[in-house]
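Reading through the structure tokens given below for one structure.
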2 protein chains.
Amino acid sequence: MDLKELLESIKDYEGKEVTLQGWIRNHRKQKTFGFIDFSDGTCFKHVQLVYDDNNPQFNEIEKYHIGSAITVNGTVVKSEGAGQDYEIKVNSIKLEGDCPEDYPMQPKRHTNEFLREQAYLRPRTNLFQAVFRIRSVAAYAIHKYFQEHGYVYFHAPLFTASDAEGAGEMFQVTTLDLEKIAKSGEVDYSKELFGKKANLTVSGQLEAETFALAYKKTYTFGPTFRAENSNTKTHANEFWMIEPEIAFCDLEQDMDIMEDMLKYVVKYVVDTCPNEMDFFDKFVENGLKDKLNKLINSNFTRISHHDVIEILQKADVKWEFEPKQGEDIAKEHEKYITEYFNGPVFITNWPKDIKAFYMKLNEDGETVAAADLEVPGAGELIGASQREENYDKLIKRMKEMNVPTTDWYLNLRKFGGCVHSGFGMGFERLLIYLTGVENIRDVIPYPRTPGNCEY
Amino acid sequence: MDLKELLESIKDYEGKEVTLQGWIRNHRKQKTFGFIDFSDGTCFKHVQLVYDDNNPQFNEIEKYHIGSAITVNGTVVKSEGAGQDYEIKVNSIKLEGDCPEDYPMQPKRHTNEFLREQAYLRPRTNLFQAVFRIRSVAAYAIHKYFQEHGYVYFHAPLFTASDAEGAGEMFQVTTLDLEKIAKSGEVDYSKELFGKKANLTVSGQLEAETFALAYKKTYTFGPTFRAENSNTKTHANEFWMIEPEIAFCDLEQDMDIMEDMLKYVVKYVVDTCPNEMDFFDKFVENGLKDKLNKLINSNFTRISHHDVIEILQKADVKWEFEPKQGEDIAKEHEKYITEYFNGPVFITNWPKDIKAFYMKLNEDGETVAAADLEVPGAGELIGASQREENYDKLIKRMKEMNVPTTDWYLNLRKFGGCVHSGFGMGFERLLIYLTGVENIRDVIPYPRTPGNCEY
């Protein structure tokens, strides 16, 4: 039986015998009795096992180490101690797997830096047990939302012969022997498995557009790779993205979808994982639950980039970066704006020169129909745009920006093209927002950052 | 409004005005009236639009090309023609995006080979519209099953410094400039972004075991890469795998889970996509629906590799490959065995020398606790095993098989290890089974195979 199942209706089990399998997370021994803090990983909560010297196994059980795997048979009883209503009085325990005393995950406070070095053990700690369950539940909430709204899940290809998708530096993949290249002095790409140079994708959006124009509504949810050599709290070289794409949808409708989707996902996670949320609220980010509940109940502001710059310029703040029309906005500006509106803000209609080639040119000829969603406490969470559906305007912009023109992508504008929009949400950015955890390395089970490719 | 929504309760809309947005899939014109076969991609079924010369737009509409994107406003009426109960009498149509007459997706029979060359347009055809919706729905069914059964979804890392996960040839990833390597004559791996040589993963299983020993039940669902240069119907260099891993679970329990999961997923897809299933049954694999319904209602046979070989040896068949104890079985043997038992078969307890290092050695010292699931018509669908949880036996086996010993993986057997099992299911293999489509290139939106990395 799973501990989750037991705890959900533990009253019904009072006086009954149960068998559980899991791990000893802590063990306090007295002369004639002992307490084991037991977890099986199926829920955030643990249960207390009590045993005393009336138990024929007493001398054996009291020697069990922290970290050991056990099968316990016991009776559910009301607890006399503080901290829990029920506990389990041990009838017998079978030691499934011992754990030596040099086990690194002793029940004391560890730094996140230390735990990163023990990545394969850290899901056994409260913090990471909670973080990676949220990762799982949030991923499911995203699938659930899109599937229930009629979207087709699209697996974008990860190998690509393109080296210019316009979203960042790429990793090259190869089947050539680098040592042989060094020896022979030449690179023969025709010898590659794919017959040419290949890279790892930085975005599935362009391919997702081909599905939107067949299924009307589609979304990707898959890994993405960027070769940036940045060692920051928010950059990883391997991360997961969600990229929905919708035909017959303009930027306003796109924003409606983003707002609806985000509220749904946040609510689903908050409702599904109340214990984890309490933990984050108490130990990671005070006020996290208020922040999330506020988002669920708010109306997102929609304001143009132009008007945002005006507000920033009028603000009585000494900026590190002076806000200017036609230019990008900095982290300090994002923070100010979400505080100014006291909630999530879509900043729309960005200067075309700081945005990607595929975004729809507005009638002013200067701005594009893009919208970035800024949320209090986390900055930019989603980037969105209406896509340029006009063949001539798109090809002109690609040439201006030196983007290689690709027939299939352009042809989408020729063969029954239509107004369409989409957005991209970094999954880890969402998790940072949902958990209050600050470093992207702590929301990915095995993070890949410059210098780190172990485990 | 989505066509799916309309068709689900079209009776209620009789006599009412509706607005739809989608594409002209076919267009038959008569002197005084015309029929448009209309689809918006939200469901497999199309709807017929009828217009006649009482419509002020008649001269315009009759010129609309196949493939064009339109917004149509019309009235739902009973149909007088065969093939549909209701149709839409056009009030007005707005042309959203034209489509020239050289559009490759004309409504006639195309070969799958031709459509592969038009991968970005093929989801607009009936066959691929159905295949890729099944891909989406099956993916969701898998998530739904595991999430509802308390599994934590684990994103395995895709970059790995390991070059021996034991499951196939690896692609190397690099940030080095190959031309410079050729010029300089040396490879300096310390200059890599990760500070060392890195590859793309061939399996997330080993890392998934770390999650099983923290959460009890976990599953991966992500891309996997193999650099094999094989041009067959069943090999792709990039594909998606599902790798569940369960603690306190032996091989028998593991088989229970596989059987339960597979029946759930097949049933979910059959129930959710009846129109697609009818299409496959009629045009792709006669008897497909019977095959799938039979699986849902069958009990999977469990038989040892030893006993399978005996059955094969006794069979009155002239084999291309003679079945032998201690050796692997061929496709012809798989086929015979599923026909012999008239349903899915788990073949268990395989000779250790033809299986992976991590599989649990049975007490006979000769076989391992592995189980392959063979299904009628598709051969091997899932590979499973109990994992060796004994530290000494595992390290001995790794040394025998020249697998580099990894501390973290071995330590899982030291720090509260326990009996645990898991399995790996190739997602595309499942899709081939579900749709009857024979070539893996036709169940992946943008397949990556030797020589093919386009789009």
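The values are calculated or read from the model by the stated rules, or taken from the named source; none is laboratory data. Keep in mind that what you see is a predicted model, and the values were worked out from it rather than measured. Reconstructed Cβ throughout: ideal geometry from the backbone, glycine too, with neighbour counts over all protein chains shown. Please note that ligands, DNA and RNA were not included when accessible areas were found on the heavy atoms of the full protein model with its side chains. Shrake-Rupley method; radii C 1.70, N 1.55, O 1.52, S 1.80 Å.
Below are the figures for this structure:
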| quantity | calculated |
| --- | --- |
| Selection count where residues are farther than 27 Å from residue A:448 by Cα and either touching a Pro at 6+ places or on another chain (Cβ under 9 Å) or more than 8 Å from chain B (Cβ to nearest Cβ) (or both), scope region A:96-107 | 3 |
| Positions within region B:45-65 being open to solvent by less than 30 Å² (accessible area, probe 1.4 Å) and either hydrophobic (A, V, I, L, M, F, W, C) or touching a residue at least 60 places away in the same chain (Cβ under 8 Å) (or both), in sequence order | B:47, B:49, B:50, B:58, B:61 |
| In region A:156-206, residue nearest to the other protein chains (Cβ to nearest Cβ) [restricted to those that are assigned to a loop (DSSP other than H, G, I, E, B) and basic (Lys, Arg)] | A:196 |
| Helices (runs of 4 or more DSSP H) wholly inside region A:360-455 that include at least 3 residues being more than 30 Å from residue A:213 (Cβ to Cβ) | A:427-435 |
| Among (1) buried (at least 21 other Cβ atoms within 10 Å of the Cβ); (2) facing chain A (nearest Cβ under 8 Å); (3) over 30 Å from residue A:3 (Cβ atoms), the one test that residue B:224 misses | (2) |
| Those residues of region B:76-92 which are hydroxyl-bearing (Ser, Thr, Tyr) and open to solvent by 30 Å² or more (accessible area, probe 1.4 Å), in sequence order | B:92 |
| Lone qualifier among B:389, B:428, B:374 - being within 14 Å of chain A (Cβ to nearest Cβ), touching a helix residue (DSSP H, G or I) at 6+ places or on another chain (Cβ under 8 Å) and at pLDDT 95 or above | B:428 |
| Some residue of region A:131-140 being facing another protein chain (nearest Cβ under 9 Å), assigned to a strand (DSSP E or B) and of a type outside the set (A, V, I, L, M, F, W, C) | no |
| Residue in region B:228-250 that is at the interface with chain A (Cβ under 8 Å from one of its Cβ atoms), open to solvent by less than 30 Å² (accessible area, probe 1.4 Å), in a helix (DSSP H, G or I) and at pLDDT 95 or above present | no |
| Selected residue [outside any helix (DSSP H, G or I), away from chain A (no Cβ under 14 Å) and acidic (Asp, Glu)] from B:60, B:80, B:113 | B:80 |
| Residue match in region B:430-452 (condition: free of Cβ contacts under 8 Å to residues at least 24 places away in the same chain and closer than 16 Å to residue A:158 by Cβ) | yes |
| Meets criteria (among the hydrophobic types (A, V, I, L, M, F, W, C) and closer than 27 Å to residue A:433 by Cβ) for residue A:95 | no |
| Considering residues of region A:342-385 that are surrounded by 18 or more Cβ atoms within 10 Å (Cβ to Cβ) and of a type in the set (Asp, Glu) only, the residue farthest from residue A:298 (Cα to Cα) | A:372 |
| Single residue of B:95, B:115, B:121 found to be farther than 22 Å from residue B:8 by Cβ, modelled with pLDDT of 95 or more and open to solvent by 20 Å² or more (accessible area, probe 1.4 Å) | B:95 |
